[in-house]
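In what follows, a single structure is set out as structure tokens and then discussed.
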Amino acid sequence: MNIITLRLKEQPAVPLEVEVLSPDVLKNLSHAEICAGSIQLGKRQRRIDDFFEVEGERSDQLEIHGDISRLKWVGRSMTGGRITIHGNVGMHLGAYMQGGSIEVHGNAGDWVGAEMSNGLIHIHGNAGGQIGAGYRGSMKGMQDGAIIVDGSAGLEIGMRMKKGTIVVGGPAKDFAGLDMKGGNIVLLAGAEIRTGAWMMRGTIISLTPIPLLPTFHFSCSYSPVFLRLYANFLSKLGISIPVDPKAGHYHLYSGDTSVPGKGEILIWRPLETGQIPRTTGCTKVDS
Amino acid sequence: MVLNIVKNATCTFCGCVCDDIELHADEYRITQAKKACMLGKAWFLNHTAEQLYPDALIDGKEVSVDQAVEAAAELLDQADMPLIYGMSNITCEAQREAVALGERLGGVVDSHTSL
Amino acid sequence: MRITGGKVYDPAHGVNGVVKDIFIKDGRVIDSPVEGRTIDARGMIIFPGGVDVHTHVAGGAINFARAMTPEDHRRTTAFIRSQTTRAGIGGMAPTTFATGYLYAGMGWTTVNEAAVAPLSAKHTHEELRDVPIVDKSCCVLLANNEILLDLLQDGECEQAQHLVAWYVWAAKAYGVKAVNPGGVAAWKWGKDTGQMTEPVVGYSKLTPAKIVSGLAQIIDELRLPHPMHLHCNNLGAPGNLATTLETMRSLEGHRAHMAHLQYHAYGGDDWNSMRSEAPALAEYFNTHPNFTADAGAVLFGDTVTITADGPWQHLLYKLTGRKWGNIDVENETGCGIVPYTYRPNNLVNAVQWAVGLELLLLIDDPWRIYLTTDHPNGACFWRYPEIIKLLMCSDFRKECLSQLSTKALKRIHLAEIDREYTLYEIATIMSAGPARALGLPQKGQLGTGADADLVIYNEDDDVQQMFGHPRYVIKGGEIVIDEGEIRATPPGRGLLVKPSYDETIETFLRPKFEDYYTLSFDNYPVEMERVEQPIFNNCIESP
Amino acid sequence: MGGKVTCTLGEVKNRADFIVYWGGNPAECHPRHFTKYALIPKGKFVPRGRKDRTMVLVDIRETKSARASDIFLQIKPGKDFEVLTILRALVKNQPVDRTQVSDTGLTMDQLQDMVDRMKRAKFGVFFFGMGLSMTRGKHMNSAAVLTLAAELNAYTKFVAMPMRGHGNVTGADVVMRWQTGYPFGINFSRGYPRFNPGEFSTIDLLVRGDADAALILGADPGATMPQPCIDHLARIPTIVLDPKVTHTSRLAKVHITTAATGISAPGTAYRMDEVPLPLRPALQTSYPTDEQIIRRIYDAVASKPDWMIHSGKMTSAQI
């Protein structure tokens, strides 16, 4: 298969802005044109081959090797194709992304998939804060698409997101789903504090108990039907969440009443030995 | 000795920026700061017109201001990502110049607000 | 410099598309040939530089709006710095440098910052100093100044007059603006004014009508070159035509400039029944020559609204659920900021869009109605060429009308108006008229002795293209724009007036000042050094 | 998010009958805030001064300012955001989970009483300090108090104002906003202003080691910043302009002594409410001003070849 391979040969001393490293830009370029591609080292314009060994040309498949944690804006606004990164990557990975996929065998910085409208980003390591978020002042974060982080995540993930999915395998920090307008966040290992703060709509699912703001109130304990459909969707992304009512149920909390919002936080409660499984509908239980 | 009295002086120690201070000063020192609070008094009375510090230093060695300015310009110009930081204890006029310099340098300009 | 062969439009001298040469020396137009550069302007059209009578480009409010809208800065035009130009950001609330480049880039050479709280006038002048190329004047906000309101309530007219003059000079202003008279003072308690003849909240007998007529009287007595610059009560409210007409009737015998008239010409009882009353307002206006007005036209799209009208902004925040900024200024005024999007499919917005154009088309004397959008309220100033096209091409208007709902079409009159502006009339509403209304004899004209501020266009049937991209812009005799490139960035001058007042007003004011304000009286006036290259205009002979 | 409902200090002096200090200790950090601007002075509509006003202090410990207050609400450290969020809900008569309220250090009665008082006030104000804006939650804590103030305007008049610390930090915000559109943390590397807090803010830049030279103006990060920042400043060429030889000067490559602002250097400073005031220096000095030195550095830089490639063009702004 024809792919473009970049190997980092020199670590930049200050951040390097590389929005040119996107399938949209590279897919029609010859090897020489890729080598001459303009990247920005701090204030100075440099060439791609100042920092990378370049192989291949004219492809929407891009593979990057090396620790590029100082490189920002990889895959910015990409509409299709695929980027694979073997190493850590810097901020704004796949920001404003509209399609295609990005896979990182390593960690990623802040603002992964910020304001993205479609596409798939999978980080096998940890990610920073503001995943799928809106930039400062913006009324909307990610519009659609999916971001999967196998490891942990930082502050304010999914801030003001409207649609789409964020899955975090490890723990997330504060303000997951801040001011969320829609979409889903799945926290496989929970989050620190203030999850769902100021959320208007949307769903946050946590598989482990998490502390909630006093402005979320317990609605019921149930095994929601929509979750089975959503679990099918997630399983295609390689994510599994429990939906078997014999194994447990979800506690549904609504909020944030300070807005007042109609957001939902679902927290998985596995059945303890001897408990009788509930099979249907939404039942109010004493909490 | 000449006693200089400045009315409606402005204190820039804290964010209140009180502008009703009456300062009494001799050639070297402010001797009184009427209406200023404890913090303001300390601020005004601790400064002096004496030359307690060298005009300029490079690597800790005294140099002329011209040399220091030239060295600063060279270092900042050479940098790929220079940072200009602080600005809370300088005048707005100096802040304007700082933004112009940051723009010229292609650097980052930031204040205490970002903390 | 000489400019030869261009077709000149100079309404102040009745010159309507006459091919003639223009000679410039020492920054002014002269009447005899000179040495120096010759610009061959054959096939080109020459206008006096544009004059914006009402805009918000500098000071606390617009600077607040800048901070509130980083999302807009990221999606708009950015200016990369060069050896001669500074970096900047355009958009809804452009940075100071960008403001100068954008205005000059479109042929405007003089702007009037319409709303300055005297308390923050220093700040406004600091910003104006960073607005390059264009000359600048500003109006101080006084119709909610509590010390002045107390005097007006007590009938102390003479004292009030000295106070107004003192404030104009202390702020290094050019004119006086009245915003929602009494309403902003009421907003300090979270209220608004009701009727023109009902007392203002916190006052026993002072009404908005008395503030308006009292202030108009004072400004006429002071013979300020620019009449009272009035933002009427009830801005933006359905049915506010009644308030506007009542205000205008109370001003018979006085001069007044009615700011952003579009926002004051609505019928109906609520948002659902709101309709255009532009014909009724234009009819009254046409027969009362004591008034001038600017359009405050609306264009569809994103902007940020900024006004000293605090109660209106709180309402807008509640209606839109968007960000809201508000600053109340001690004793003087306030301001509110709400980002806003005008949409053709929104009934209210459709009516607003139509009313601005209807007023421009139904007011028959172009010398009395001027091109503005109340930047950035109705739209950003850099969209003026779109309005010019709407005024000059009735076919284009009809095309735009097709975006509106049938419900909206029943509430407006634009479809019935066939008038098309001529270039001569455009030159009048964008330059000659506003210069005259501001009392700037050196501006808006190309006669001998005028400031050599002019704009040269390649003649083009596409007027939006033509007005948006001048071939040359000349400011003070210097070519500042040449084919879209910024060639020079002279600093632009500050236009001032010093009305006379009795110095003993300070004896009256000082103790009140110490009671009500929080800064020292002596630190309040704007120092002369803060005004860039000040130019003094005289008070007029008679109002 | 993103808005602010505020006023100049004279409005507080003349009108405020309900004053809340949150996460600040004005008695010791802004001593004349009480006496000159907010709590004590007689105002036009509060003629009896202190007697006409109610003061609430919200803080994690009982500071000297508590003595000046009518009501002291001691909350648990790091619970500011929770308390503000509860208040926002209660103001709108929305439910809150009572079982969690006690975690904040306050009782439901205290919170409801606060809500009732806020709504009853004719003119209320929040002054919030670094105890709010610099603790866990940071800018979101500030956003929470600003939002609460804005929402209270549905019931009465309410405003909020940050208690800015250092002398002219407000001026820096104001100047940067008019020149660049953004208040702080501005990156000019592409020739026009870009802004992204967390990315271009100083501490983040220095901790990540992203800057390769620094010019420090009127600040002493060598004494106040986290150690990794100081270490990086020592690694790169750092230049300091300051009236004194500071901690930062000692780790810097270049130090230039300048005239002290407002003592020997004239100019303008902005009060915390964005009111500009002139400076009236009382002492003469032979040291140049910061303004002069920065200008000279600018001129020296401008005489060198320009690095900018797209100089003078217009482009589409991005972050």
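The values are calculated or read from the model by the stated rules, or taken from the named source; none is laboratory data. From a predicted model like this one, the values you see are computed outputs, not experimental measurements. A quick note on method: Cβ atoms are made from the backbone with ideal geometry, for glycine too, and the neighbour counts reach across all protein chains shown.
Pairs meeting the criteria (first residue in segment B:61-84 and in the same structural domain as B:LEU105 (by TED's automatic domain parsing) and among the hydroxyl-bearing types (Ser, Thr, Tyr), second residue surrounded by fewer than 21 Cβ atoms within 10 Å (Cβ to Cβ) and assigned to a loop (DSSP other than H, G, I, E, B), beta carbons under 8 Å, at least 6 apart or on different chains) are B:SER64/B:ASP55.
Which of the following residues is part of a strand (DSSP E or B) and on the phi < 0 side of the Ramachandran plot: B:LEU23, B:LEU75?
Numbers: B:LEU75 fails: part of a strand (DSSP E or B).
Step by step, each of B:LEU23, B:LEU75 is checked, and only B:LEU23 is part of a strand (DSSP E or B) and on the phi < 0 side of the Ramachandran plot.
Within segment C:93-118, being out of contact with any Leu (no Cβ under 8 Å at 6 or more places or on another chain), under 28 Å from C:GLU330 (Cβ atoms) and in contact (Cβ under 8 Å) with a residue 60 or more places away in the chain holds for C:ALA93, C:VAL111, C:ALA114. Taking first residues from segment C:322-341 that are free of Cβ contacts under 8 Å to residues at least 12 places away in the same chain and partners that are part of a strand (DSSP E or B) and not β-branched (Val, Ile, Thr), no Cβ contact under 8 Å between residues at least 6 apart in sequence or on separate chains turns up. Scanning segment A:168-182 for residues that are assigned to a loop (DSSP other than H, G, I, E, B) and hydrophobic (A, V, I, L, M, F, W, C) gives A:PHE175, A:ALA176, A:LEU178, A:MET180. Among the residues of segment B:37-67, those identified as of a type in the set (A, V, I, L, M) and more than 19 Å from B:THR91 (Cβ to Cβ) are B:MET38, B:LEU39, B:ALA42, B:LEU45, B:LEU52, B:ALA56, B:LEU57, B:ILE58, B:VAL63. Within segment A:191-228, the residues that satisfy the criterion of being free of Cβ contacts under 8 Å to residues at least 24 places away in the same chain and under 20 Å from D:LYS79 (Cα atoms) are A:ALA191, A:GLU192, A:ILE193, A:ARG194, A:PRO211, A:PRO214.
Of all helices (runs of 4 or more DSSP H) completely enclosed by segment C:370-480, which ones contain at least 2 residues that are at pLDDT 95 or above and within 15 Å of the chain's Cα centre (by Cα)? Give the steps one after another, and end with the answer.
Numbers: elements: C:384-392, C:394-401, C:406-409, C:423-427, C:433-438, C:463-468.
Here the list reads C:433-438.
In segment D:95-131, the qualifying residues are those that are of a type in the set (S, T, N, Q) and in contact with a Pro (Cβ under 9 Å, 6 or more places away or on another chain), and the one that is farthest from D:ASN14 (Cα to Cα) is D:THR99.
D:VAL275 meets all of the listed conditions (1) more than 7 Å from chain B (Cβ to nearest Cβ); (2) of a type in the set (A, V, I, L, M); (3) buried (at least 24 other Cβ atoms within 10 Å of the Cβ); (4) out of contact with any helix residue (DSSP H, G or I) (no Cβ under 7 Å at 6 or more places or on another chain) but one, namely (4). Inside segment C:123-146, residues that are part of a strand (DSSP E or B) and either under 12 Å from C:THR55 (Cβ atoms) or not charged (D, E, K, R) (or both) make up a count of 6.
For segment C:40-69, give me each residue that is of a type in the set (S, T, N, Q) and under 16 Å from the mean Cα position of the chain (by Cα).
From segment C:40-69, those of a type in the set (S, T, N, Q) are C:55, C:63, C:69; that's our starting set.
Within segment C:40-69, C:THR55 is the sole residue that qualifies.
Scoring D:PRO95 on the criteria (1) part of a helix (DSSP H, G or I); (2) touching a strand residue (DSSP E or B) at 6+ places or on another chain (Cβ under 7 Å) leaves a single failure, condition (1). Within segment C:244-261, if we keep just the residues that are buried (at least 22 other Cβ atoms within 10 Å of the Cβ) and either out of contact with any strand residue (DSSP E or B) (no Cβ under 9 Å at 6 or more places or on another chain) or small (Gly, Ala, Ser) (or both), the residue that is nearest to C:HIS56 (Cα to Cα) turns out to be C:ALA259. Among the residues of segment B:30-57, those that are more than 22 Å from D:ALA269 (Cβ to Cβ) and not in a loop (DSSP other than H, G, I, E, B) comprise B:THR31, B:ALA56, B:LEU57. Take the conditions out of contact with any Pro (no Cβ under 8 Å at 6 or more places or on another chain), among the β-branched types (Val, Ile, Thr), more than 30 Å from A:LYS162 (Cβ to Cβ) and at pLDDT below 95 and apply them to A:THR279. Does it pass? No.
For segment A:26-40, the condition of being touching a residue at least 60 places away in the same chain (Cβ under 8 Å) and within 26 Å of the chain's Cα centre (by Cα) holds for none of the residues. D:GLY3 satisfies every condition listed in (1) surrounded by 24 or more Cβ atoms within 10 Å (Cβ to Cβ); (2) at the interface with chain C (Cβ under 10 Å from one of its Cβ atoms); (3) among the small types (Gly, Ala, Ser) except (1).
For the criterion of being modelled with pLDDT of 95 or more, touching a Ser or Thr at 6+ places or on another chain (Cβ under 9 Å), at the interface with chain D (Cβ under 7 Å from one of its Cβ atoms) and within 25 Å of D:ASP212 (Cα to Cα), B:VAL109 passes. Selection of segment C:494-543 for residues being in contact with a strand residue (DSSP E or B) (Cβ under 9 Å, 6 or more places away or on another chain), more than 14 Å from chain B (Cβ to nearest Cβ) and not in a loop (DSSP other than H, G, I, E, B) yields C:GLY494, C:LEU495, C:LEU496, C:VAL497, C:MET528, C:PRO534, C:ILE535, C:PHE536, C:ASN537. Residues that are among the acidic types (Asp, Glu) and at the interface with chain B (Cβ under 7 Å from one of its Cβ atoms) within segment D:278-319 comprise D:ASP290, D:GLU291, listed in sequence order.
In the set C:THR85, C:THR124, which member is in contact with a helix residue (DSSP H, G or I) (Cβ under 8 Å, 6 or more places away or on another chain) and crowded, with 24+ Cβ neighbours inside 10 Å?
Of C:THR85, C:THR124, the one residue that is in contact with a helix residue (DSSP H, G or I) (Cβ under 8 Å, 6 or more places away or on another chain) and crowded, with 24+ Cβ neighbours inside 10 Å is C:THR124.
Here is a list: D:THR248, D:THR268. Which entry is more than 8 Å from every other protein chain (Cβ to nearest Cβ) and at pLDDT 95 or above? Show your work before the answer.
On the way: D:THR268 fails: more than 8 Å from every other protein chain (Cβ to nearest Cβ).
Step by step, each of D:THR248, D:THR268 is checked, and only D:THR248 is more than 8 Å from every other protein chain (Cβ to nearest Cβ) and at pLDDT 95 or above.
Just a yes or no: is a residue in segment D:151-172 facing chain B (nearest Cβ under 7 Å), part of a helix (DSSP H, G or I), closer than 27 Å to D:ASP231 by Cβ and polar (S, T, N, Q)? No, because not a single residue in segment D:151-172 is facing chain B (nearest Cβ under 7 Å), part of a helix (DSSP H, G or I), closer than 27 Å to D:ASP231 by Cβ and polar (S, T, N, Q). Condition check: over 19 Å from the mean Cα position of the chain (by Cα) and either buried (at least 16 other Cβ atoms within 10 Å of the Cβ) or more than 14 Å from chain B (Cβ to nearest Cβ) (or both). Does D:PHE128 satisfy that? Criteria not met by D:PHE128.
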